[in-house]
Amino acid sequence: MTAKRFDAIVIGAGQAGPPLAGRLEAAGMNVALIERKFVGGTCVNTGCMPTKTMVASAYAAHLARRATDYGVALSGPVGVDYQRIKARKDKVTNDARSNLESWIAGMKGCALYRGHARFESVDTVRVGDDLLTAPKIFLNTGGRASVPNLPGVDDVPYLTNSSMMDLDVLPSHLIVVGGSYISLEFAQMFRRFGSEVTVIEKASRLTGREDEDVSAAIQLILENEDIAVHVGADDIAFARKGNEIAVTFSTGKPPSVGSHVLLALGRVPNTDDLGLDKAGVKVDQRGYIVVDDQLRTSVPGIWAMGDCNGRGAFTHTSYNDYEIVAANLLDNDPRKVSDRIEAYALYIDPPLGRCGMTEAAVKKSGRRALVGQRPMTRVGRAIEKGETQGFMKILADADTGEILGCSVLGPGGDEAIHCVLDLMYAKAPISTLARAMHIHPNVSELLPTIAQELKPLA
């Protein structure tokens with residue numbers, strides 16, 4: 001079979017693939033874009049867009065139940081219509097996917113192939129009956145939920161973050177195994193929809209990559225909504241119990257029995273069935289494609305972007321990967337991965353916005369540091385909104401004034417964090433934030449106040 005020739009092949013139509021295909025096509029290249037499922041990747045189909053749409057519905061239900069706190073009288077009890085919640089979520093996803101498909105279809109120099117791509121050689125890829133070849137190949141294959149080989153897991157029905165999106169009934173009791181970002185968003189969301197919810201985490205605390213005070217505050221937020229949280233689970237196993245599922249989690253403690261189980265135990269890259277060995281592309285021990293600071297793999301002419309390269313696990317890191325690749329290839333702009341600052345959010349309510357180093361990381365670095373903190377109970381805007389859970393914390397270098405990191409757990413935390421993140425990119429010292437005038441009333445207006453009250457980090 002004669003291979004169809006292209007200037008570039010992009011495998012995966014997630015957050016990095018389509019925009020890169022667009023840039024390459026605009027530069028005059030003939031591009032093949034390959035996607036085996038749906039364009040838009042995890043974000044559009046099973047991640048950010050559908051879940052945050054459901055988070056918004058959950059917030060509306062929660063706020064309605066608190067109506068009397070604000071002097072608002074409702075005529076009856078607050079309930080949810082889960083079918084309408086799902087339909088709203090599906091519409092948001094389908095609209096986004098359709099818009100992306102239309103945009104791709106409008107690119108005359110880009111051919112969209114549907115199917116699973118596998119390398120035949122260093123520059124040739126097979127998609128079904130089609131053989132494609134190009135001197136430049138870009139991998140954007142994403143990741144999927146990890147399903148560890150826990151006792152009994154194959155004997156019970158379980159859900160992952162993807163299959164949760166297809167769930168068309170409201171669980172009477174949802175057991176969430178895992179205590180990190182995806183798991184906690186689903187836990188709070190379904191509790192607000194009316195499900196009984198239990199969270200089981202193997203580690204000694206939730207969100208283990210956060211500081212201990214942040215983890216403790218997050219657990220308190222969940223427990224305040226009657227979510228049962230079990231940490232330090234050292235004996236997780238599954239078994240059927242009639243029509244329900246029993247999850248044992250600690251020796252000597254009774255199992256948790258629920259109608260549905262969600263496994264949220266991390267993610268693995270979609271690299272095991274790409275034929276990478278035929279191209280000579282190196283992967284690490286976890287299966288992530290090894291890349292350099294400009295996202296080049298071990299093979300000249302092949303790049304890897306997004307979740308499959310292990311250099312970030314977010315939509316924004318994937319899109320930034322595209323920007324880095326495009327800048328280097330097309331703009332003569334030597335951007336690199338190491339220039340970016342770690343930043344992300346946890347979308348429980350109130351949300352956590354995080355950037356830079358944690359307090360634990362600063363202490364481990366051995367540098368002299370300053371820290372400032374303020375609870376949301378002392379933030380006027382939070383008090384006015386009746387949403388005073390959480391706190392803000394800023395870390396700075398005691399010798400240079402460099403801003404090292406920030407955590408904002410509270411109303412608007414996912415937005416307020418950018419006040420600090422942008423200053424860090426500008427390499428502005430903490431004194432710049434301390435002297436800034438922010439708008440009142442606002443959560444972020446207290447960031448300059450915190451910056452004026454820093455104390456040595458013990």
(Q) As I understand it, the dipole of the range 297-381 uses +1 on the Cβ of Lys and Arg and -1 on the Cβ of Asp and Glu, about the Cα centre. Which of LEU352, VAL337, VAL371 lies farthest toward its positive end? (A) VAL371
Q: Skip the ligands, DNA and RNA, and give the accessible area per residue of the range 345-438 with a 1.4 Å probe, whole Å².
A: 43
(Q) Let me check I've understood the local charge: for VAL268, count other residues with C-beta under 13 angstrom from its C-beta, Lys and Arg +1, Asp and Glu -1. What total comes out? (A) -1
Q) Which residue, chosen from VAL125, SER180, GLY109, occupies the Cα position most advanced towards the positive end of the dipole of the range 101-183, where the dipole is computed from +1 (Lys, Arg) and -1 (Asp, Glu) charges on Cβ about the Cα centre? A) GLY109
Q: Starting from the amide H of VAL299, placed 1.01 Å from N in the peptide plane, find each other amide H under 5 Å away whose residue is 5 or more places distant or on another chain.
A: LYS282
Q | Rounded to the nearest 20 debye, dipole of the range 246-321 from Cβ charges on Lys, Arg, Asp, Glu | A | 240
Q. What accessible area per residue comes out for the range 71-171, rounded to a whole number of Å², with a 1.4 Å probe?
A. 53
Q) Mind checking the log10 I(q)/I(0) for the range 1-59 at q = 0.13, 0.24 Å⁻¹? Debye, one equal scatterer per Cα, no solvent, two decimals. A) -0.45, -0.91
Q) Kirkwood hydrodynamic radius (Cα pairs, Å) of the range 186-226? A) 10.9
Q) Quick one: Karplus J couplings for the range 269-277, per residue in order, coefficients 6.51, -1.76, 1.60, θ = phi - 60°, nearest Hz, x for Gly and Pro? A) x, 7, 10, 7, 10, 9, x, 4, 5
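Thinking of the range 197-315 as a set of Cα atoms, what percent of all their pairs are more than 22 Å apart?
Distances greater than 22 Å cover 55 percent of the Cα pairs.
Suppose R0 equals 30 Å. What FRET efficiency, 1/(1 + (r/R0)^6) with r the Cβ-Cβ distance, do LEU330 and LYS4 give to the nearest 0.05?
0.80
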(Q) Output needed: percent of Cα pairs per 5 Å distance bin for the range 295-396, bins running from 0 to the one holding the longest distance. (A) 2, 10, 15, 15, 14, 12, 13, 9, 5, 3, 1, 0
Q.
Placing unit charges on C-beta atoms (Lys and Arg positive, Asp and Glu negative, everything else neutral), compute the dipole magnitude of the chain about its Cα centre in debye, rounded to 20.
A. 240
Q | Cross-link table LYS336/LYS364; LYS86/LYS202; LYS37/LYS91; LYS4/LYS108, entries beyond 20 Å C-alpha to C-alpha | A | LYS336/LYS364; LYS86/LYS202
Q: Can you quote the Å³ per residue value for the convex hull of the Cα atoms in the range 53-176, rounded to an integer?
A: 212
Q. On the accessible surface of the chain, probed at 1.4 Å, how many percent belong to carbon and sulfur atoms?
A. 51
Q) Tell me, what HN-Hα J-couplings in whole Hz come from the Karplus equation 6.51 cos²θ - 1.76 cosθ + 1.60 at θ = phi - 60° for each residue of the range 325-332, using x for Gly and Pro? A) 4, 5, 4, 6, 7, 10, 10, 6
Q. Treating the beta-carbon of each Lys and Arg as +1 and of each Asp and Glu as -1, no other charges, what is the dipole magnitude of the range 1-160 about its Cα centre, to the nearest 20 debye?
A. 320
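If you average the sequence gap of Cα pairs under 8 Å that are 6 or more apart and divide by the length of the chain, what percent do you get for the contact order?
Relative contact order comes out at 13 percent.
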Q.
Using each residue's phi in the range 187-201, evaluate 6.51 cos²θ - 1.76 cosθ + 1.60 at θ = phi - 60° and report the 3J(HN,Hα) Karplus result to the nearest Hz, with x for Gly and Pro.
A. 4, 5, 4, 6, 5, 6, 6, x, 6, 6, 9, 10, 10, 10, 10
Q: Counting helices only, and only those DSSP H runs with n ≥ 4, report the 222 nm mean residue ellipticity of the chain as the sum of -39,500 (n - 2.57) divided by its residues, in deg cm²/dmol to the nearest 500.
A: -9000 deg cm²/dmol
Q: Would you list which lysines come within 19 Å of LYS363, measuring only between C-alpha atoms, while excluding same-chain residues fewer than 8 positions from it?
A: LYS393, LYS455
Q. How much length, in nm to one decimal, is gained on full extension between LEU131 and ASP235, taken as 0.36 nm per residue of separation minus their Cα-Cα distance?
A. 32.6 nm
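The values are calculated or read from the model by the stated rules, or taken from the named source; none is laboratory data. Bear in mind that the values here come from a model prediction, so they are computed numbers and not experimental data. For neighbour counting, all protein chains shown are included, and Cβ atoms are generated from backbone atoms with ideal geometry for every residue, glycine included. Just so you know, the surface numbers come from the protein's heavy atoms only, side chains and all, with ligands and any DNA or RNA stripped out. Shrake-Rupley method; radii C 1.70, N 1.55, O 1.52, S 1.80 Å.
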